[in-house]
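Before I ask anything, let me first share the structure, which is written out below as structure tokens.
Any read-out appearing in this document is the output of simple, stated calculations on the displayed coordinates, not a laboratory observation. Since the structure is predicted, the reported quantities are computational estimates derived from the model, not experimental observations. Every residue, glycine as well, gets a Cβ built from its backbone with ideal geometry; the counts of neighbours run over all protein chains shown.
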Amino acid sequence: MVFMQPDPVLEVLPRDLSAYRTGNVGVDYVHRFESGRPGPHVLVNALTHGNEFCGMVAATHLLDTGVRPKLGTLTVSFANVAAYESFDAARPFESRQLVHNLNRIWSPEWLDGGEDSPELRRARALRPVVAVADHVLDLHSTAQAVEPFWVYRAFERNAAVALALGRPSVHLVMPRGLGSGVPIIEHGRHGDGSSGAGAALVAECGQHFLRATADLAVEVTLDFLAHFGLVTREPAASPPAPRRFELLETRMVRTPAFRFVRPLVGFETFEAGELIATDGEDEIRAPEHCAVLMPARVPIVGREAVYLARPIA
């Protein structure tokens, strides 16, 4: 059975970003501000996916309000502007990417390979921007209106920052990486647990088009900058106790016949062996008691179907 998804509420829509195109590092839509004082280099990255507007709101907030680092260096980037500019309110989920998922191609095989696409050209242009950053905050949102959460490799340096910031209070920890490609936060030394790199985290701030999602992205960004001393900010109210999940596996859509057994939005739980979905003749069953995260709103062959994760302490 195909489960129909309701049309989303579009509380946040794109704005013209042409004024931000000319940056100051030789890469379009990348702006860097140096304090002149020793300190970390923090990258705030927006629009890794073209329809995830919360990052756009947070990045333009930093630029429009003149946020400058008290110490260290702040870089603000808009990643997949080409996909962003393709947005059509009648088909709001289709501007996620033009060809490739910009958040799965950060391996040498893709970046140094012979294929070409708007996303590969953009990733190659952004590679030196990501490489020089000590700490990376990549701002994302979700297709479904679920509780916001962090995503990061299971390195102590990442967990320490996410726990210190408190919000979001839910964490998705990846012990072996994403399993479906290399995201920005795993590029180069940030994907190496022994490299001595800084923190690199994704903040999934809520449903793509909700005002509350954009508001949270702004708050999380300022929290992140304050944590590393780049800005001064009053501590947030005490957050709820953290809830952490460990990624067990990433399942991909392999056939047009992929179907979930019931409508899913995320964080539903399944018992060991319970059927979650069918993909043609294949069955996807829970490998143990686990939760499903980011189930595909509309399954597309070759893209992620669902993440399976178990609760951890």
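Which whole-Hz ³J(HN,Hα) couplings does segment 270-281 yield from phi under the Karplus relation 6.51 cos²θ - 1.76 cosθ + 1.60, θ = phi - 60°, glycine and proline marked x?
10, 7, 3, x, 6, 6, 9, 7, 10, 9, x, 8
With Cβ to Cβ distances under 14 Å as the rule, what net charge do the other residues near Phe78 carry (K, R +1; D, E -1)?
Once all neighbours under 14 Å are counted, the net charge is -3.
Ratio of Rg to Rh for segment 219-313, alpha carbon only, Kirkwood?
My calculation puts Rg/Rh at 1.16.
Pull out a ≥ b ≥ c, the square roots of the eigenvalues of the alpha-carbon gyration tensor of segment 1-142, then state rounded if a/c is under 1.5, prolate if not and a/b is larger than b/c, and oblate in the remaining case.
Oblate shape, in that a/c is at least 1.5 and b/c is the bigger or equal ratio.
Could you tell me what percent of the DSSP beta bridges with both partners in segment 84-203 are antiparallel, to the nearest 5?
Looking only at bridges with both residues in segment 84-203, the antiparallel portion is about 15 percent.
In percent, what relative contact order does segment 141-248 have, based on Cα pairs under 8 Å that are 6 or more apart in sequence?
Dividing the mean separation by the residue count of segment 141-248 yields 38 percent.
May I pose another question? When Lys and Arg each count +1 and Asp and Glu each count -1, what net charge do the other residues less than 12 Å away from His31, Cβ to Cβ, add up to?
Around His31, the charge tally is 0.
Also: Can you give the helix-only mean residue ellipticity at 222 nm for the chain, where every DSSP H stretch with n ≥ 4 adds -39500 (n - 2.57) and the sum goes over all residues, rounded to the nearest 500 deg cm²/dmol?
Computed ellipticity for the chain at 222 nm equals -6000 deg cm²/dmol.
Something else: So for segment 170-217, Kirkwood radius off the Cα pairs, Stokes-Einstein at 37 °C and 0.692 mPa s: how many µm² s⁻¹?
Approximately 260 µm²/s, per Stokes-Einstein.
Given Cα pairs under 8 Å that are at least 6 residues apart, what percent is the relative contact order of the chain?
Averaging sequence separation for qualifying contacts and normalising by length gives 18 percent for the chain.
Using the scaling law 2.2 N^0.38 Å as the reference, what is the normalised Cα Rg of segment 72-200?
So segment 72-200 has a normalised radius of gyration of 1.09.
Dipole magnitude of the chain about its Cα centre, charges +1 at Lys/Arg Cβ and -1 at Asp/Glu Cβ only, in debye to the nearest 20?
Result for the chain is approximately 620 debye, rounded to the nearest 20.
What is the set of long-range amide H partners of Ala154 at a cut-off below 5 Å, with H atoms built 1.01 Å from backbone N?
Met174, Gly177
How large are Rg and Dmax for segment 39-78 when only the alpha carbon atoms are used, in Å?
Radius of gyration, then largest Cα-Cα span, for segment 39-78: 10.7, 33 Å.
Provide the gained length on full extension for the span Leu71 to Val9, in nm with one decimal, where the gain is 0.36 nm per separating residue minus the Cα-Cα distance.
18.3 nm
If we sort 264-273, 80-89, 135-144, 237-246 on the protection proxy, mean other Cβ atoms within 10 Å, highest first, what's the order?
135-144, 80-89, 264-273, 237-246
For segment 110-266, what D do you get in µm² per second when you plug the Kirkwood radius from alpha-carbon pairs into Stokes-Einstein at 25 °C and 0.890 mPa s?
143
Same structure, new question: Taking the radius of gyration and the Kirkwood hydrodynamic radius from Cα positions alone, what is the Rg/Rh ratio for the chain, to two decimal places?
My calculation puts Rg/Rh at 0.95.
Under a point spin-label approximation (7 Å from Cα along Cα-to-Cβ), what is the Ser117-Glu281 distance to one decimal in nm?
Rounded to a tenth, the inter-label distance reads 2.9 nm.
In nm, what is the difference between 0.36 nm times the number of residues separating Glu156 and Ser238 and their Cα-Cα distance?
27.3 nm
Run through every distinct alpha carbon pair of segment 247-293 and return the Kirkwood hydrodynamic radius in angstroms, one decimal place.
11.0
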